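Everything below concerns the one structure shown next.
Rule-based calculations on the coordinates, nothing more; no lab input. Remember, predicted model here, so these are calculated numbers, not experimental data. Glycine gets a Cβ as well: all are built from the backbone with ideal geometry, and neighbour counts include every protein chain shown.
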Amino acid sequence: VVLNDDYDGTFALRDAVTFVKSENVDSSFTALAISSEPEVKNNKHQFECFPYREILYETIRNTFFHVPMWFVMTALLFFSMIGSIIYLTSGNKKWEMVAHHGVVVGLLFGTCGYLTGLVWAKYTWYIGATWGDVLKKLLLEDVKMAAALVAIFFYFGYIILRGAIDDVAKRARITSMYNIFAFALFIMCAFVFPRLTDSMHPGNGGNPAFSKYDLDSTLRMFFYPAVIGWILLGFWIFSILMRMQFIKQKQEG
Amino acid sequence: MKKYISLVIMMVTALAASAQGVSASNNSIMTRDLKIYTAIAVLAIVLSCIFIFLFYIEKRLTQLEAGQKR
């Protein structure tokens, strides 16, 4: 069913009508069909109304959490890579600490972003009833999800590598080099590979991103402040970790 | 005093107008079943805990830094 109105816009619901054989009609099914009739939400004259899209429905609010968390992760990992480059050129240990804590906080937000994405995918993409089915489908068949997980694992590798080397100077040099390559691989896995093939994730494999259909002016009013807020929160946590490290170093003399 | 009274009247009028607009068409599952309030409450609690914890650490760090300077 496609509803179209000049004022309310267009809303499509592909499962609004179900054809069943007359001998198999169930009275309870009829009641269900009536209760699930599509609602067309108007976002032109209602401040609170978001784009009411098929598949996403009310879960579109997750855009304010899942997407900004990945923005924070990308920003912090980029900052961390810059810290590693500056450390390798200047030898100032402070920048190696910047790189390390950038990765730690970036991983925290990345993991949260991945988990919110998993939950979102389970309830909107209809890819399985159990978590086992969902994970199997996503990790084995969807390039974006698998590549994003690989990208996160690169940085878990960074943390493990850093903990495995005892010599401080050697550890700083090796992990800084690793961090630069890890960021390049992260960009390839998270943003390049998924665009080369099909993916259910918006903005990849020919699927439209939010900016084209769903991110209307009402949603933007909340989305952009949310992005700024999450990035500030990420850098605040990062600065707290850095200050704790400085205090610890001063106490140790 | 008249200014404040007129300001209050204007604010109340505006609120009533907004409320009418919301109740007329905003009848989605989230608002109709009041699920949106549960979602907002859970989010508010989680985010409040995170911010309270961060402000607490921030305060302690500021004290420690001041102590180290002295």
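Which chymotrypsin sites (Phe, Trp or Tyr not before Pro) does region A:115-179 hold that lie in a coil by DSSP with at most 14 other beta carbons within 10 Å?
A:Tyr126
Less than 18 Å from a label point 7 Å out along the Cα-to-Cβ axis of A:Phe156: which backbone N atoms in region A:173-194 qualify, by residue?
Only A:179, A:182-183, A:185-187, A:189-190 fall inside the zone, counting backbone N under 18 Å.
Taking the Cβ of each residue in A:Val134, A:Val119 as the centre, tally the other Cβ atoms inside 10 Å and list the residues starting with the fewest. Before the final figure, lay out the partial values.
Working: A:Val134 20, A:Val119 14.
Exposure proxy ranking, most exposed first: A:Val119, A:Val134.
May I ask you to derive the FRET efficiency for A:Glu252 and A:Asp166 from their Cβ-Cβ distance with R0 = 22 Å, giving the value to the nearest 0.05?
0.85
Could you pull out the pairs from A:Lys94/A:Lys250; A:Lys250/B:Lys69; A:Lys94/B:Lys59; A:Lys93/A:Lys170; A:Lys170/A:Lys248; A:Lys137/B:Lys35 whose alpha carbons sit more than 18 Å apart here?
A:Lys94/B:Lys59; A:Lys170/A:Lys248; A:Lys137/B:Lys35
Can you give me the distance in nm between label points at A:Leu139 and A:Thr116, each placed 7 Å from the Cα along the Cα-to-Cβ direction?
About 2.3 nm separates the two model spin labels.
Taking other Cβ within 10 Å of each residue's Cβ, how do A:Leu88, A:Leu232 sort, fewest first? Mind showing how you got there, number by number?
Values: A:Leu88 17, A:Leu232 11.
If I rank by nearby Cβ atoms, fewest first, I get A:Leu232, A:Leu88.
So how do A:Val98, A:Val103 line up by other beta-carbon neighbours within 10 Å, fewest first? Can you show the working numbers first?
Values: A:Val98 21, A:Val103 30.
So the residues, fewest neighbours to most, are A:Val98, A:Val103.
Kindly rank A:168-176, A:107-115, A:77-85 from highest to lowest mean number of other beta carbons found within 10 Å of each residue.
In descending order of packing, they fall as A:77-85, A:107-115, A:168-176.
Around A:Gln251, under 15 Å between beta carbons, what's the net of Lys plus Arg minus Asp minus Glu among the other residues?
+4
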